[in-house]
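The values are calculated or read from the model by the stated rules, or taken from the named source; none is laboratory data. The structure displayed is predicted, hence computed values, not measured ones. Methodologically, a virtual Cβ is constructed for each residue, glycine included, from the backbone with ideal geometry; neighbour enumeration extends over all protein chains shown. The accessibility values were calculated without ligands, DNA or RNA, using every heavy atom of the protein model including side chains. Shrake-Rupley method; radii C 1.70, N 1.55, O 1.52, S 1.80 Å.
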Amino acid sequence: MKRSGGSESEKRRKRRRLLQELGDQRIPYLGPSDHGFQQLWETSYSGLALRRSCSLPEELHGRVEAALLTLRRRGCFLRDLVKVRDRDVFTAVSRVLLGQPGTTYRYLDTRLFTIPWHTDEQRGTCCDPDLSAACKALWELNCFFCSDVGDRKEGDVFKQCRKELVGAIESKPSVEGDTESKDSEESKPSDDGGDSESKQSEEGETESKHSDDWDIESKHSEEEGQLSKQDAAWESRHSDEMGDMKTKQTELGSPAGSKQHSEGKHTGWKHRPAGSTETETTGLGPQEKPVAELKHSLSGYHIEDEEDEDQQSGQGCSNLNPAKTSCPGPTQFNVTLLNYMDPAAMSQLKEEPYYGMGKMAVGWHHDENLVSLSPVAVYSYSCHDDDKAGVSSEEGPAEKGCWRIGLKVAWDIHTPGLTLPLQSGDSYYLRDDLNRTHQHCVLAGDSARFSSTHRVAECSTGTLDYIQSRCREALSNLSTDPETGTHSLLSLLPATLQGYEEIHNEVEFEWLRQYWFQGQRYTRFCSWWARPMGQLENDWREMELMTQLLLAAVEEEGQPEEGRREMAETLLTALTDRQQHRQTWRDRCHSSLAQTLPPEEAPVDRPFWADDDPSMPLPFDLADIINRVESLLWRM
């Protein structure tokens, strides 16, 4: 869903006001070593389920981690050039999409084309053996998640896992993020949720040197992670005041009492039932008191994204009734968005502005373009210097800063946030309606990290089968005489013509332009899309012919004037829209950012897209035709 400019402006205005009212204070959040953490997780974040590294088959770990390293060594992880607020920006996270053959995933005006994962039934020659083996390993991980996410049960199992987690933290106060318990097989808090998104999650993206935006994976989640220039300037003034604080927030493994209240840590939180207006806190320090007071003054800032307006009341908890909230039937993740992030290579990582959680690799967001209420599964793998070179290594030193996931109830300052550490090999699930009612971010660790974010992408209009069926629908109106080869249109009804011209535009701007803008970069790794996209180009040429036939019918003097007017108006609307979109894509292909990419990754403005290109079978000067149709309508 594309948000209007007025909505964007209003959201930025409300975000600035919220930040200004908070001042240099921080909303409380809890980590595993804080009192009340387990209760907060169970009551307000129960849709988050975590599976510890030790509970996955060791052989699967080995194959998946080798696959991720293979994909990176071969150069498959690439930064996307996406559109945010009418500007092209690079993602700071490098990524590649794997999934069911013929499936795509669209975010921020960019369509990603899957490299198909290779199953036992889907062996092909589109990839070399190494890449094929890597894709198959990630398909095996996907199968594991599909079977596991639906089998996990609420209740005593998760309560025990959470207790073991807290116990492990308390027993090892000197080791950051050392939350593993040998006895736990299900759950370990992970802090990586932000790369799922899609992105998405990614969900999100970090800010790049080309962008002032702060959560560019999800256009629908800019409420928290992204700051405009004015927001960033305002925040920087206040963060400078806090920057002189000598004591940093202690690591997740340290005692709760040593955390700084000014950083938002709140050790005396008590659960506030949904709908309650009373704020229950204990042991508020002098700097925490203003935050408690702000809970009432900012209670009007429960401003959800447009796609979340239907969400149920009951702030601070995800719905636990699977009969009402779960995606019907067994989960079938159809894509995984693989991300690679190296904090050392990320410029200008910003501090999380509301809770003081630390450096953000991915800003606050909901994962977008997913089937409603479907879960998300994420596998995390942290690697060290020798891994970056493509060689697997042992675990790094214990003091290595771990990655974390931050969670919060969307636009809610009553419920404390949650942070969870994520060790290499851990996985987590966002289940029930958690992705709809909550937001998550990724807090950067010290080492480079891969994530495999498995999703049920909403691709009703995003598969090869879909667009091929649309082409057949449009071309059904084109008739060819078998003897003379003469072409004609079967129907000249304005409504019919309008529908077919819309398909014409969809094929060009949602598929062919998208593919040649960035999708074609992956042909050097996988040739799967080459033939289908060639066929789409042929279908597009046939639709160009149909447009010329419609123009001829409009200019034919023998047609009734009223019918000609309706056809001319239909044609003019379609051509004007097409001209605007073509110019937009030409600008994107020739933008200054696009020119910085190496030749093998640069967007391609295909020669036959040029309206006056003599190589086209039917030279088609779009501007000239628009002028002819406008003149015809004027004479009528």
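For the range 436-458, the candidate set comprises residues that are under 23 Å from Gln423 (Cβ atoms) and not in a strand (DSSP E or B); within that set, the residue that is most open to solvent (accessible area, probe 1.4 Å) is Asp446. Only one entry of Arg79, Arg51, Arg16 meets the criterion of being at pLDDT 90 or above and open to solvent by 50 Å² or more (accessible area, probe 1.4 Å), and that entry is Arg79. Within the range 28-48, restricting attention to residues that are among the hydroxyl-bearing types (Ser, Thr, Tyr) and in a helix (DSSP H, G or I), the residue that is most open to solvent (accessible area, probe 1.4 Å) is Thr43. Across the range 481-536, which residue is surrounded by the most Cβ atoms within 10 Å (Cβ to Cβ) among those that are among the aromatic types (Phe, Trp, Tyr) and not in a helix (DSSP H, G or I)? Checking each candidate, the answer is Trp529.
Candidates are the residues of the range 78-117 that are closer than 26 Å to Val371 by Cβ and outside any strand (DSSP E or B); the one that is nearest to the chain's Cα centre (by Cα) is Leu108.
Could you look through the range 383-431, keep only residues that are outside any loop (DSSP other than H, G, I, E, B) and open to solvent by 10 Å² or more (accessible area, probe 1.4 Å), and pick out the one that is modelled with the highest pLDDT?
The qualifying residue modelled with the highest pLDDT is Arg404.
Of the candidates Arg95, Arg106, the single residue that is surrounded by fewer than 24 Cβ atoms within 10 Å (Cβ to Cβ), within 30 Å of Gln535 (Cβ to Cβ) and not hydroxyl-bearing (Ser, Thr, Tyr) is Arg106. Being surrounded by 12 or more Cβ atoms within 10 Å (Cβ to Cβ), at pLDDT 90 or above and within 25 Å of the chain's Cα centre (by Cα), is that true of even one residue in the range 571-584? Yes, the range 571-584 contains at least one residue that is surrounded by 12 or more Cβ atoms within 10 Å (Cβ to Cβ), at pLDDT 90 or above and within 25 Å of the chain's Cα centre (by Cα).
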